[in-house]
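No value in this document is a laboratory result; all are computed from the given coordinates. None of these values were measured; they are calculated from a predicted model. Ideal geometry is used to build each Cβ from the backbone, glycine not excepted, and the neighbour counts take in all protein chains shown.
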Amino acid sequence: MILVTGATGTVGREVARQLAADHAVRLMSRTPVCPSVPGPRVETAVADFARPGRLGRALSGVRAAFLVTSHPVEPHDERFLEAAVAEGVSHVVKLSAAVVDDDTEDFLTVRQRVTEEAVRSCGIAWTLLRPRAFMSNTLSWADRIGRDGTVGALYGSTPNAPVDPRDVARVAVRALTEGGHAGRTYTLVGPEELSARAQTRILGDVLGRRLRFREWTVREAREHLARRHPPRVVEALLQRADLQARGGKSLRGDALASLTGRAAGTFRGWADDHAHCFPGG
């Protein structure tokens, strides 16, 4: 049995879908509502990182687990790992982030380094996945595109190497189901460096409409982020953006082709497949 946490999220949902055809899979969620993933041996478990007792039940009989956490303060990783050790789980594949290896000491990155160390020292075989920004982050642009055909972002001309979440999921599935991945850390990046301005242009081509890009000021970016995140997280995200502006998120460490046996997906390919998610697509 393989447990997938974050089964309603960007990568977890895709991991579950890819596993479901050939493996026994348990999808963990805080509520009884889980994604509809077809498969002959798919089941669900209601559990919460904040309630260790329920974690134990969700992990019962599990040999490998895909771990996704998002709380910036609560020790969700540590609680999960403690329960996994108690239930005899043999392998944990943790979704981390490439920024862990970057030259930044922002609050979120420091916390991610702590959780990685918890994984490495828990006594269970582990694999760490460190993706760059997901191509799917551009879905946050959909509302503004629908309103006035514009995209806004901070430092819009600086490059990143966004990765297709489906590729990250493919690596996770390989690590969960094959030998040879224990004790490995994989930095997962897309095949090309793209700025937000370039992504806007590509997305406009795919949608068949002219999209306008507007560069935010730091003040505008802070106000935008503050609508969704607490102040400490906002400042951490702004520090990460500043790192990118200084060239600190350049393309490197691409393991996708060798790990999945196929070329990494391009942003244009992702946009073609997800055009229906945007107004006019």
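Identify all residues within the stretch 102-142 that are of a type in the set (Lys, Arg) and not in a loop (DSSP other than H, G, I, E, B); write none if there are none.
Arg111, Arg113, Arg120, Arg130
Just to be sure, is Val234 of a type in the set (A, V, I, L, M, F, W, C), free of Cβ contacts under 8 Å to residues at least 60 places away in the same chain, part of a helix (DSSP H, G or I) and crowded, with 16+ Cβ neighbours inside 10 Å?
Here the answer is yes, as Val234 does meet what is asked.
From the residues in the stretch 143-201 that are touching a strand residue (DSSP E or B) at 6+ places or on another chain (Cβ under 9 Å), part of a loop (DSSP other than H, G, I, E, B) and of a type in the set (Asp, Glu), which one is surrounded by the most Cβ atoms within 10 Å (Cβ to Cβ)?
Filtering the stretch 143-201 for residues that are touching a strand residue (DSSP E or B) at 6+ places or on another chain (Cβ under 9 Å), part of a loop (DSSP other than H, G, I, E, B) and of a type in the set (Asp, Glu), the one surrounded by the most Cβ atoms within 10 Å (Cβ to Cβ) comes out as Asp164.
Out of all the residues in the stretch 34-54, is one or more surrounded by 15 or more Cβ atoms within 10 Å (Cβ to Cβ), part of a helix (DSSP H, G or I) and not aromatic (Phe, Trp, Tyr)?
Taking every residue of the stretch 34-54 in turn, at least one turns out to be surrounded by 15 or more Cβ atoms within 10 Å (Cβ to Cβ), part of a helix (DSSP H, G or I) and not aromatic (Phe, Trp, Tyr).
Do you know which of the residues in the stretch 174-212 that are within 17 Å of Leu67 (Cα to Cα) and among the β-branched types (Val, Ile, Thr) is farthest from the chain's Cα centre (by Cα)?
Thr177
Out of curiosity, is Val151 farther than 26 Å from Ala16 by Cβ and touching a Phe, Trp or Tyr at 6+ places or on another chain (Cβ under 6 Å)?
It is true that Val151 is farther than 26 Å from Ala16 by Cβ and touching a Phe, Trp or Tyr at 6+ places or on another chain (Cβ under 6 Å).
Assess whether Val171 counts as being in contact (Cβ under 8 Å) with a residue 40 or more places away in the chain, within 26 Å of Val68 (Cα to Cα) and touching a helix residue (DSSP H, G or I) at 6+ places or on another chain (Cβ under 6 Å).
Numbers: in contact (Cβ under 8 Å) with a residue 40 or more places away in the chain: yes; within 26 Å of Val68 (Cα to Cα): yes; touching a helix residue (DSSP H, G or I) at 6+ places or on another chain (Cβ under 6 Å): yes.
It is true that Val171 is in contact (Cβ under 8 Å) with a residue 40 or more places away in the chain, within 26 Å of Val68 (Cα to Cα) and touching a helix residue (DSSP H, G or I) at 6+ places or on another chain (Cβ under 6 Å).
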